[in-house]
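Data first, discussion second: the structure below is written as structure tokens.
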Amino acid sequence: MNDTIVAISTPKGFGGIGVVRLSGPTTFFIGQKVFSAAVEKPRTVYSGYIFNPDTKERIDTGIAIYFKAPHSYTGEDVFELQMHGGVKNLELVVKVLIQLGARLAERGEFTKRAFLNGKLDLIEAEAIIELIEAKTEKALGVASGRLFGGISDKIFEIKKRLLYTISAIEGAIDFPFDVETLNADELEKQINGVLNLVKSLLSTYKAGKRIEGGVKVVIAGRANVGKSTLLNALLKFDRAIVSEIPGTTRDTVEEMIDFFGIPVRLIDTAGVRETKDVIEALGKERSVKAIREGDIILFMFDASEMLTAEDRKFAKLTDGKDRIIVLNKTDLPAKLTIKELKNLFNNEDIIQISALKKKGIEVLEQIIYNKILPQEIESSLITTEREKNCLEDAVRHLEKAKELVGSGGDELVSEELKETITLLGILTGEEVSTEILDTIFSRFCIGK
Ligand SMILES: Nc1nc2c(ncn2[C@@H]2O[C@H](COP(=O)(O)OP(=O)(O)O)[C@@H](O)[C@H]2O)c(=O)[nH]1
Ligand SMILES: [Mg+2]
């Protein structure tokens, strides 16, 4: 990190304020060169104008703040120029700073430097992007919990307990007469304690992923059962085209909604109908894909019609998925009863609605919510697959360690516990590879 990076840190567009940020060794030298007032002290606001030192051309007025290493976001020298929130003025200032020797920052490079300088761990760094991208208040809450160390503290506690156990085992191995040995029962108890902590963290993944990443709820069923009508009822405004002619929903229609705090992508699929119509066939393919990729399927039936072969085809398509059976058009005389459906879908949630008359929608919403988040959510959740994989590997090593207790090979137990510590180190980023780092920080925007 021996070069100085620069980027516009505010979103591209017109706004009240725009910020250009520099970080790296020559930051102060370069920043001061383009700013009219002498920036004498760090962490102090100076007002002045920004200019091109070569041409003496004034670009904008604004304020400058200098953060001296290590007391900055990145842990390096940082210089911030706050100007008017235009596009061209900010771009020109960046151009001038690049001419003075700075380099345009890569995506997430400021945060990457902060991580590499120990300002935050990898979980906290990832929480920053989750916070920026949060689509609902619940998602924001999860991201802030992680940013403020909710997960990192738990990992630290787990590591501390593992180190204690390892030192007890190894002390007993190296100094058998001086150190009280841990008997097998005590050792197993300690490993179990850690195992439970890791497992409880792991169990937060489904909720964490769903709240942070969102949930795909797919409305499926044969043509004309009322899928588009239900989509509109759930969206609370008319979005999809509703028509009496079967097969009018040609494509999948998607809409992102804030579903009681959870970012939900609602997807209305076209009916899977045997047809020569090319567009409809295309829609059909997409709907099969949507069902496959959906987290939760609302599988709809028409109460005013007998079951058809097509309904049964859908039953196959949605089998094994997390689904809710929805019996629609219950305002019409019944030809398909809930009893018949119950026989077909034993032990599954079946709910009766009238999408058109908006009856039963609130109950359906409650059931969808419970399907998305079956348990009360905890305060600290893991949200990424990377975290999940690390913790799953940790569980495997801890279970192996437990098996080895009492076999006389305490060194082997200790080895497994050390492996667990390594995995936790990967999780918080102490032992992480550059490839993983690059993948994580490339998700960020430039200037962050
Ligand atoms: N009576 C009644 N008609 C409905 C209901 N839901 C949908 N419909 C009608 O059924 C027809 C097909 O609905 P649509 O939403 O386009 O079905 P899709 O093909 O599954 O998307 C339209 O004429 C809707 O007005 C309902 O609950 N009751
Ligand atoms: Mg439709």
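The values are calculated or read from the model by the stated rules, or taken from the named source; none is laboratory data. Just so it is clear, the structure is predicted and the values come from calculations on it, not from any experiment. So basically every Cβ, Gly included, is an ideal-geometry build from the backbone, and we count neighbours across all protein chains shown.
Quick notes on this structure:
- Criterion (within 16 Å of ligand 2 (Cβ to nearest atom), within 27 Å of L230 (Cβ to Cβ) and among the aliphatic types (A, V, I, L, M)) met by exactly one of I372, I353: I353
- Scan the range 188-215 for residues that are in contact with an Asp or Glu (Cβ under 8 Å, 6 or more places away or on another chain) and not in a helix (DSSP H, G or I) and the total you get is 2.
- The listed residues are I219, I129, I155, I211, and the only one of them that is under 15 Å from the mean Cα position of the chain (by Cα) and surrounded by 22 or more Cβ atoms within 10 Å (Cβ to Cβ) turns out to be I211.
- Residue in the range 333-354 that is under 17 Å from R210 (Cα atoms), buried (at least 19 other Cβ atoms within 10 Å of the Cβ) and modelled with pLDDT of 95 or more present: no
- Scan of the range 21-55 for residues that are in a loop (DSSP other than H, G, I, E, B) and among the charged types (D, E, K, R), ordered by number: E40, K41, R43, D54
- Residues satisfying the stated conditions in the range 194-221, i.e. within 16 Å of ligand 1 (Cβ to nearest atom) and either in contact with a Phe, Trp or Tyr (Cβ under 6 Å, 6 or more places away or on another chain) or on the phi > 0 side of the Ramachandran plot (or both): A220, G221
- G18 falls short on exactly one of the conditions (1) without any contact (Cβ under 8 Å) to a residue 40 or more places away in the chain; (2) not in a helix (DSSP H, G or I), and that condition is (1).
- Any chance F115 is buried (at least 22 other Cβ atoms within 10 Å of the Cβ), under 22 Å from I426 (Cα atoms) and aromatic (F, W, Y): yes
- Residue check, E109 under 30 Å from E57 (Cβ atoms), in contact with a helix residue (DSSP H, G or I) (Cβ under 8 Å, 6 or more places away or on another chain), surrounded by 14 or more Cβ atoms within 10 Å (Cβ to Cβ) and not small (G, A, S): yes
- Residue in the range 6-19 that is surrounded by the fewest Cβ atoms within 10 Å (Cβ to Cβ), counting only those that are of a type in the set (A, V, I, L, M) and farther than 15 Å from Q99 by Cα: I17
- Of all residues in the range 216-235 being within 21 Å of K135 (Cβ to Cβ) and in a strand (DSSP E or B), the one that is nearest to ligand 2 (Cβ to nearest atom): I219
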